[in-house]
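The block underneath contains the structure these notes are about, expressed in structure tokens.
Values in this text are rule-based calculations from the coordinates and carry no lab data. Quantities reported herein were computed from a predicted structural model and do not represent experimental measurements. Please note: Cβ atoms are built from the backbone with ideal geometry, for glycine as well, and neighbour counts cover all protein chains shown.
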Amino acid sequence: MSDCEGIPLLIFGRTIKGGTNVSPLLNFRPVIYDHRDQIINFQTRGNPRVTPMARGIEVPESTRNQIIGMRLWGAPFPAIASRLSVPANTAKKIYYRWEETGDCASAPKSGRPKKLNERDLTHIKRHIQHDRDQRRQPLGEIIIDLNLPVSERTLERAIINELGMGHRIERKTPWLSKKQKEARLAFAKEHINWTLEEWRRLGFTDEMGMQTGSNSTKVYVWRYPEEEYLEDCCGGTVIPVFDTAKLWVT
């Protein structure tokens, strides 16, 4: 009788009494065999053995199932480790994880480390939002300015997916001086409570310049959705190189 009598062994394939070789069919799920019902000669030639694994190599699912089965039948972890050629600590982790989750599959892997960490992303965000010119920088210039060890495609994915910024066409708005902005804000506050009838009795006149050409060039800026009409993200509606004709509109 084997020295591990009474301990269940999980193997692939089927076992035939009388010391017949075990067939390691990997597409079969492991089956628990009790030595009290069947005698398995593990010294038989051709018996699949688990060779010692190097550090970091994943434990096969068949071995994890064997660890769980042997532990359920009361085998100590040192004996399991000796029988299956795995570290005792590894056997403990596999069994305790199965107790906690009910699954003996490998834990999810963290994957390849990101090339841009949180610190890099913070620097990229500050760089883009610094002024209107840097919001319009090509990806290659941002990489050079910040000395980033990534490609343009990687940087683009990081800005869009990690920072949540979009590469959008700038909005066209008339440029206003600081004095004009203050005057418009004061007028809005003064008339904020006017009714519709009061507004109907009021007429506006203004001077408008009409360009002789068109400003159809599309300029892209890096911005968040809520920054659509931020001054740094907008472009002027009048370009000095075009001739203009001024009209009074009532």
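Some observations on this one:
- Fully extending the segment from Leu176 to Trp73, taken as 0.36 nm per residue of separation minus the present Cα-Cα distance, adds 28.9 nm.
- Environment charge at Glu182 (Cβ cut-off 15 Å; Lys +1, Arg +1, Asp -1, Glu -1): +3
- Sites Asn89 and Asp133 - FRET efficiency at Förster radius 41 Å, r taken between beta-carbons, to 0.05: 0.10
- Summarising the amide proton neighbourhood of Arg171: residues at separation of 5 or more, or on other chains, whose placed amide H is nearer than 5 Å comprise Gly235.
- Förster radius 30 Å - calculated FRET efficiency between Glu61 and Ser82 (Cβ-Cβ, nearest 0.05): 0.90
- Label-point gap, in nm, between Ile160 and Arg126 - each point 7 angstrom along Cα→Cβ: 2.7
- FRET efficiency estimate (nearest 0.05) - Cβ-Cβ, Lys218 to Asn117, R0 51 angstrom: 0.95
- Shape call, region 118-169: gyration tensor on alpha carbons, a/c limit 1.5: rounded
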